[in-house]
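First the structure, in the form of structure tokens, and then the observations on it.
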Amino acid sequence: MVRGTSPLRIPGIIRPAEISLTFEGQTLRAPEGESLAAALLAAGKRHLGDGPHAPRGLVCMMGVCQQCLVRVEGRLVQACLTPVREGMRVSAA
Amino acid sequence: MKYDVAVIGAGVMGCSTALHLARAGMKVVLLDRGPICREASGVNAGTLTMQMTRAALIPYALRAYDMWLRMAEWCDGGHVLATACPGLSVAFTEQEAAMLEERARIRAAAGAPIKIVSTARAREIEPGLSPQALLAGHCPMDGFASAYLTGRAFRPALLNAGVDLREDCAVQGVDAGFTLDTAAGRMDARRLVLAGGVWLGEMAGWLGVPLPIKTLINQLVVTERMEPVMRTVLGVASGLLSLKQYANGTVLIGGGWQGIGDNTRGGIAVKPESFLGNVRLAAHAVPALREARVVRAWLGLEAETADALPAIGPIPGVADAWIIGSVHSGYTSGPYMGRILAQAILGEAPELPLFPIDRLLAKEKAA
Amino acid sequence: MTAIWDIAVLGAGPAGMAAATEAAQRGAKVVLLEESPAPGGQVYRAPPPGFVMPADADRRAGDGLRAALAASGAAQRLGVRIWGVGGGPLVPAGEAPAPFRLDGLDAEGRPFDLTARALLLCTGTQERIIPFPGWTLPGVMGLAAATILFKAQGMLPGRRVVVAGAGPLLYAVAAKLLKHGAAVAAVVDLASHGEWLRALPALSARPDLLARGAAWRAQLLLKGVPVHAGARITAAEGDAVLEAVRVQKLQGGPERRIEADSLCIGHGLVPAIEASRAFRARHRYEPGLGGWVPALDAEFRSTVPGLLVAGDGAGLRGAAAAPASGRIAALAALRDLGLMSSATHAVASAPHRRDFAQAARAGGAMAAMMALRPALVAAIPPETLVCRCEGVTRAAIDAALDEGALSMNQLKQFSRCGMGPCQGRLCGEAAAELLARRVGGREAAGFATGRLPLRPVPMDALLGEFDYADIPVPAAAPI
């Protein structure tokens, strides 16, 4: 269980209440609506999966590079375009 | 300096013809207004199936199939990742089933080892196939290739054989004898081979020969890499679907759905209705495809004659001029067509009959 | 939805917001389409609902544009993914141009399409990163990406960050990181001190920007952040994720190893021209504007009638110039549609043209600094991946070029570079530069054919529910 308070979240910002989600079975907490890419980064999950020839992690944060692909409920999504919701089950892609 | 032969058009037809002629000792110039195999030959679905081949062309396709699979042996190591696998042509309605049985019978009579199988058997062969299939034609020796590799595959062999390959060198016209007016200046050749795909009609016009060629604007769609969902080459009874999954996991969807374009502009736009229809048909046949994302759609121009049979043989009324193309699913039989045309040009009897174009010429000669 | 819009605006950044606002205020039927759930684009990106961030100059500017947009009556389609563009000249030979058609998936993931008499593309830019050893390590992200991360998500990219690249964004990011408590291990600036000095005269057109830049540098100085000028990242290192970077002066010399868990690196911005390429509008190569840009007249009309392009997607001129360009384009479209008289148009457009000219001047100097530096491409080692989607190394690209692939399309075919899901967005610039060295420049190298979908589109959303009988299968092929 990784606590929601991450040193990467900038203080002084009002955020919605935290929800729980899982990444590769491990429970993480993040404010509802935060981008999944950011939530994973905050939880120290930088390695999001493997491309055919290199590991993948977030690069462009704007839905262009196709490097932040993860699976949410089994479906391939771009983490930077996906807001986190309660109970989301995320796995590496 | 006079070439023994000028081949205009460096698609699979032109490349194969040029290669065989050069290896037989001729001094060959092979010209294309663009890069090698950049048109239909480089962008088609790469389907090497007997079940989308016209019955009359099956004997040719069978021999070409062998050439594609062994390309590295006869093409100095060049290859298009040709893969042998079973092929299934599927019927989803009673009407399609009737069409399928009829077509399978005709194709089998022409030499293709196609048998009708039940849904259960088809799904044993292809677990990815939808249970909604009624029955299927099964051809155990089918296959597919990666068409985009074709240019890269031919190029070294052509150069090794001494072919003068002129890419990005448009031909504007041809005079008697033959003198070619090209972007790189005038060139002389004793013989001429027109291998210009959908532009064959215009090329024939250079020689005053009226040959109507219809241009099809075929759409193709490819997915991103996905986990294995199929292991055969799939089609449907009507011929309007081609489906295969490559070793890298991408799935290529085709079947001749029409987009927007023409000879002048090329393929300029995918038609959303065609795109959607084609992809729906694919997902109907292999439901697991729904998991994928579509990454790109593109267009290729395919030539078709009035009777949808090839234009291969001597050009009537013009000595030492030949034509090759408009084969319909021409990629499948391409390398073999080039071989037999080369035989004819060399004065030998071609292994299998050519397709003389006298039958196609318009009544009035072009002015 | 069968009604036809007067103007469809694609992209709700500063140019798109201003364009839609202007057109709607003047009574046109305008629809603004945007992939994010809220308007703003990248530079004025809105945080998610419920996030409240301290207002800064950018936030206030963005909020101003959003408020005007909301009040204008322009229809907004937010959270949509436009995968297809068509109509205009993309019709069968001999037919008259058609209205523009956009196909997309709405916020719920359902297919929709709409038509418009004019189409204004405000799709902005994307970041360019030239490959270097280790650039695929998780922890290496873009410079603009870092900006989006802290502006829109209120998050730092790492605990100990190296910031690298060129242009003022470098210092903006570094200063912001310091302010919010990250350790900035180094700033690695491709530009030398001399380059910055030479850019000053043009920058003086925007004293506010100049002051901001000076403030950023002062903050770095205060905190003792090392600034390596005229230097580049030679490698990112780490086992499975980033652990350190190596830095070297451009002219060579010893490499320094700097530990970091985050590298924010950007080599400039590139106009996003997928849609204008799909329409076969003419483009030209302008290094000072970010590279390939649509060929536009003074009012942002492309060579395709009814198709206009505004904002940074029309050429890098900076966020300050974008609203003015959007307004100029919107007014031009209205006049061309006959919704505005020439006289009214001239009066309305003049102030925006003045604003644009002034704002563009400073933006231009910055674009020059962020232009692609060929030395970075030359330095890519053979075994470094260029195309990440397809795993194509520099060596494989060089081999394809050696074998005669002398156009971007042919390079794709010979190497598969650019055939993956990102369709060349990550690798295209480096690949084009490598090709350009063989064919005499970027114009000669060209770009790959623009095709649909504009972004990967999930099959099941596209297909929806359907019956087999619904599929309009064409006539059977001949036997």
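The values are calculated or read from the model by the stated rules, or taken from the named source; none is laboratory data. These numbers come from a predicted model, not from an experiment. Glycine also receives a Cβ, built like all others from the backbone with ideal geometry; neighbour counts cover every protein chain displayed.
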Restricting attention to segment B:285-314, and to residues there that are surrounded by fewer than 22 Cβ atoms within 10 Å (Cβ to Cβ) and in a helix (DSSP H, G or I), which single residue is nearest to the other protein chains (Cβ to nearest Cβ)?
-> B:Arg290
Out of the residues in segment C:140-165 that are more than 7 Å from chain A (Cβ to nearest Cβ) and touching a Pro at 6+ places or on another chain (Cβ under 8 Å), which is surrounded by the fewest Cβ atoms within 10 Å (Cβ to Cβ)?
-> C:Lys151
Among the residues of segment C:364-388, write down those that are surrounded by fewer than 19 Cβ atoms within 10 Å (Cβ to Cβ) and within 14 Å of chain A (Cβ to nearest Cβ).
-> C:Glu383, C:Thr384
Looking at B:Ala109, is it buried (at least 24 other Cβ atoms within 10 Å of the Cβ), under 30 Å from B:Ala285 (Cα atoms), small (Gly, Ala, Ser) and within 14 Å of chain C (Cβ to nearest Cβ)?
-> no
Which members of segment B:256-268 meet the condition of being without any contact (Cβ under 8 Å) to a residue 60 or more places away in the chain and in contact with a helix residue (DSSP H, G or I) (Cβ under 8 Å, 6 or more places away or on another chain)?
-> B:Trp257, B:Gln258, B:Gly259
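Select, from B:Arg186, B:Arg231, the only residue that is within 23 Å of the chain's Cα centre (by Cα), more than 23 Å from B:Pro316 (Cβ to Cβ) and away from chain C (no Cβ under 14 Å).
Selected residue: B:Arg231, the only one of B:Arg186, B:Arg231 that is within 23 Å of the chain's Cα centre (by Cα), more than 23 Å from B:Pro316 (Cβ to Cβ) and away from chain C (no Cβ under 14 Å).
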Please work out if B:Ala98 is within 14 Å of chain C (Cβ to nearest Cβ), assigned to a helix (DSSP H, G or I) and crowded, with 22+ Cβ neighbours inside 10 Å.
-> no
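Could you name every one of the strands (runs of 3 or more DSSP E) located completely within segment C:55-114 that has at least 2 residues being at positive phi and either within 13 Å of chain B (Cβ to nearest Cβ) or free of Cβ contacts under 8 Å to residues at least 24 places away in the same chain (or both)?
C:81-88
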Could we say that C:Ala38 is without any contact (Cβ under 8 Å) to a residue 24 or more places away in the chain and either away from chain A (no Cβ under 14 Å) or outside any helix (DSSP H, G or I) (or both) here?
-> no
Which ones in segment C:323-371 are out of contact with any helix residue (DSSP H, G or I) (no Cβ under 8 Å at 6 or more places or on another chain), in a helix (DSSP H, G or I) and under 15 Å from C:Arg301 (Cβ atoms)?
-> C:Asp336
Considering residues of segment C:450-479 that are more than 7 Å from chain B (Cβ to nearest Cβ) and assigned to a loop (DSSP other than H, G, I, E, B) only, the residue farthest from B:Val295 (Cα to Cα) = C:Ala475
For segment C:257-308 the number of residues that are touching a residue at least 24 places away in the same chain (Cβ under 8 Å) and part of a loop (DSSP other than H, G, I, E, B) is 17
Report yes if B:Val28 is within 14 Å of chain C (Cβ to nearest Cβ) and aliphatic (A, V, I, L, M), otherwise no.
-> no
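What do you reckon, is B:Ala153 hydrophobic (A, V, I, L, M, F, W, C) and surrounded by 22 or more Cβ atoms within 10 Å (Cβ to Cβ)? Full working, then the answer.
Numbers: hydrophobic (A, V, I, L, M, F, W, C): yes; surrounded by 22 or more Cβ atoms within 10 Å (Cβ to Cβ): yes.
Spelling it out, B:Ala153 is indeed hydrophobic (A, V, I, L, M, F, W, C) and surrounded by 22 or more Cβ atoms within 10 Å (Cβ to Cβ).
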Which listed residue, of A:Val59, A:Val70, A:Val77, is surrounded by 18 or more Cβ atoms within 10 Å (Cβ to Cβ), touching a helix residue (DSSP H, G or I) at 6+ places or on another chain (Cβ under 7 Å), on the phi < 0 side of the Ramachandran plot and more than 7 Å from every other protein chain (Cβ to nearest Cβ) | A:Val70
Just wondering, is there one or more residues in segment B:209-225 that are at pLDDT 95 or above, part of a helix (DSSP H, G or I) and more than 22 Å from the chain's Cα centre (by Cα)?
-> no
Enumerate the pairs (first residue in segment B:2-23 and on the phi > 0 side of the Ramachandran plot; second residue anywhere and assigned to a loop (DSSP other than H, G, I, E, B)) with beta-carbon separation below 6 Å, excluding pairs fewer than 6 apart on the same chain, so at least 6 apart or on different chains.
-> B:Gly9/B:Ala195; B:Gly9/B:Gly196
Which one is farthest from C:Glu390 (Cα to Cα) among residues in segment C:115-139 that are part of a strand (DSSP E or B) and more than 7 Å from every other protein chain (Cβ to nearest Cβ)?
-> C:Arg117
Somewhere in segment C:80-90, is a residue among the basic types (Lys, Arg), closer than 19 Å to C:Asp6 by Cα and in the same structural domain as C:Ser36 (by TED's automatic domain parsing)?
-> no
Quick one: would you say B:Ala153 is away from every other protein chain (no Cβ under 14 Å), at pLDDT 95 or above and not in a loop (DSSP other than H, G, I, E, B)?
-> no
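Give me the residue from segment A:19-56 that is in a loop (DSSP other than H, G, I, E, B), in contact with a helix residue (DSSP H, G or I) (Cβ under 9 Å, 6 or more places away or on another chain) and charged (D, E, K, R) and, out of that set, farthest from the other protein chains (Cβ to nearest Cβ).
A:Lys45
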State whether the residues of segment B:258-268 include one that is surrounded by fewer than 21 Cβ atoms within 10 Å (Cβ to Cβ), of a type in the set (Ser, Thr, Tyr) and away from every other protein chain (no Cβ under 11 Å).
-> no
Would you point out the residue of segment C:251-269, among those that are at pLDDT 95 or above and of a type in the set (A, V, I, L, M), that is farthest from C:Gly11 (Cα to Cα)?
-> C:Ile258
For C:Ala186: the one exception among (1) farther than 15 Å from C:Glu127 by Cβ; (2) modelled with pLDDT under 95 | (2)
Pair list, Cβ < 9 Å and 6+ apart or interchain, from segment C:221-247 residues that are within 14 Å of chain A (Cβ to nearest Cβ) to residues that are basic (Lys, Arg) and part of a loop (DSSP other than H, G, I, E, B) | C:Ala240/A:Arg46; C:Val241/A:Arg46; C:Leu242/A:Arg46
Could you tell me which residue of segment A:75-90 is nearest to the chain's Cα centre (by Cα), considering only residues that are part of a strand (DSSP E or B) and farther than 7 Å from A:Ser35 by Cβ?
-> A:Val90
Those residues of segment C:436-470 which are hydrophobic (A, V, I, L, M, F, W, C), crowded, with 19+ Cβ neighbours inside 10 Å and either within 30 Å of C:Val293 (Cβ to Cβ) or out of contact with any strand residue (DSSP E or B) (no Cβ under 7 Å at 6 or more places or on another chain) (or both) amount to C:Ala436, C:Ala445, C:Phe447, C:Ala448, C:Leu452, C:Leu454, C:Val457
Screening B:Glu224, B:Glu273 for residues that are within 14 Å of chain C (Cβ to nearest Cβ) and free of Cβ contacts under 8 Å to residues at least 24 places away in the same chain leaves only B:Glu273
